[in-house]
Each structure stands twice: as C-alpha cells, then as structure tokens.
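The values are calculated or read from the model by the stated rules, or taken from the named source; none is laboratory data. The structure displayed is predicted, hence computed values, not measured ones. As a convention, Cβ positions derive from the backbone with ideal geometry for all residues, glycine included, and neighbour counts pool all protein chains shown. Accessible surface areas use protein heavy atoms only, side chains included; no ligands, DNA or RNA. Shrake-Rupley method; radii C 1.70, N 1.55, O 1.52, S 1.80 Å.
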Amino acid sequence: MYTKIFSSLLILLFTFNCNAFSQSPYADGRVNVKIVNNTPCLYIDRSELIGAYFINISNISQGDTRNSHSIFYKTTFEENYPNKEKCIMLDSSNFPGIKLEDKQIYAIDLHPDPNKNEQLRIEPNFTGFGDTICLKKDQNGHFRVQDYIRGECVDRVPNQSEQKSLKENKGSWFDRFIEWLKSLLS
C-alpha cells in the first residue's frame, strides 16, 4: 500500500511545472538592455518565438510603486523580433511620450498580446520576459544600465567575455614585459 502511495506522489510531483528555483522571476527569462547611441535598446536571447506581444515600460518612482507611469509597444515577432542585432530602441518613436531620466527605475515586461493573438489565431509559445533596471548618467552625460536589486540600483557586473578582456588589459607591466619577451623568442 505504501509503495502505491509513494509512487502516486512521485508521479504527481513530476507532473507539475515549478519555476520556484529559476534564476529569473519571469517564466521565459530576462529582457536584456544594451545602450546604443546613448539610448537603451531592448532585446531577448530566445529565438523562434511566435505570436503577438506587447512591451510595457513602467517608470517607477523611487520607493513608490503606486506612482508609476506605463507606456506600451505592440507588435508581432514576425514584424519585429527583438534580438541583439535588431533591438527595440527605448525612445519616443517606439514608446510615444517616454522621457528617460537619470537615476530612475524602469520595470520592463514583454508578454503575449491575448487580443491580437486571438485575432491572428496564433497560440504563442512563451509566457513572458521582464526585468527591472535603473538608468544612470555618467560624468559625460551618457546613460548606463544598472540592475535593480533589493530596492537599490547597483552597477552591472561585466559578463565573462568582458571580464576576460579586462583581465588581459589590466596585467602588470612585468606580466606584459614577460609576454613580450615570449613573443620575441617564439
């Protein structure tokens, strides 16, 4: 009897889809942001998505989520697929009325557009992407993207390839001298 109960519980546990241990609170991952010509540009890393989607940008006042202003962008993946090479600029041409400000928090969500998908008779193959970022201007007046973590804006940690190039460039003069000697001898 116990083996039947145990087997039933195991089957029941493995039939549920649980995202409790995922790295991102968004089911499909993060909306990535890069800076192009001093303007944030949005993209996602997943490919082969279908359906209509909307992007919601909310400007959240520091510490007050009730006082937010949302702006929408609607399209389909067939018309505009937001990948790294063809990202969606976070400017007034795509988001009418948006005004990016220094030291502001922005919540970014990309979700299926249920009305448009119903009209197109398409079943989207995603549930949603998102991220919360801060924009900060440096000394030259250029925007930098920061992560919003536990109520604070923190500088982003460079990814692995950026870290390797930084380490290569930051070697001591003695290390560079040894490398130069090795290159002469080989």
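Cross-link check: pairs 34/86; 34/137; 86/137; 103/137; 74/103; 74/137 evaluated at a Cα-Cα cut-off of 18 Å; pairs beyond the cut-off: 86/137; 74/103; 74/137. Rounded to the nearest Hz, the phi-derived 3J(HN,Hα) couplings of the range 69-75 under the Karplus curve 6.51 cos²θ - 1.76 cosθ + 1.60 (θ = phi - 60°) are 10, 10, 10, 10, 9, 10, 6, where x marks glycine and proline. Quick one: Karplus J couplings for the range 80-97, per residue in order, coefficients 6.51, -1.76, 1.60, θ = phi - 60°, nearest Hz, x for Gly and Pro? Once rounded to whole Hz, the list reads 8, 8, x, 9, 5, 7, 10, 7, 9, 5, 8, 9, 6, 6, 9, 10, x, x. Per atom type, the range 89-137 shows carbon and sulfur on 45% of its accessible surface, probed at 1.4 Å. Annotation: amide H-H contacts under 5 Å for residue 132 (H modelled 1.01 Å from N, sequence separation of 5 or more, or interchain): 108, 148. Between residue 54 and residue 147, what's the calculated FRET efficiency when r is the beta-carbon distance and R0 is 35 Å? Round to 0.05. My answer for the efficiency is 0.90. Shape analysis of the range 75-132 based on the Cα gyration tensor places the equivalent ellipsoid semi-axes at 25, 13, 12 Å, largest first. Between residue 72 and residue 154, full extension at 0.36 nm per residue minus the direct alpha carbon distance yields a gain of 26.9 nm.
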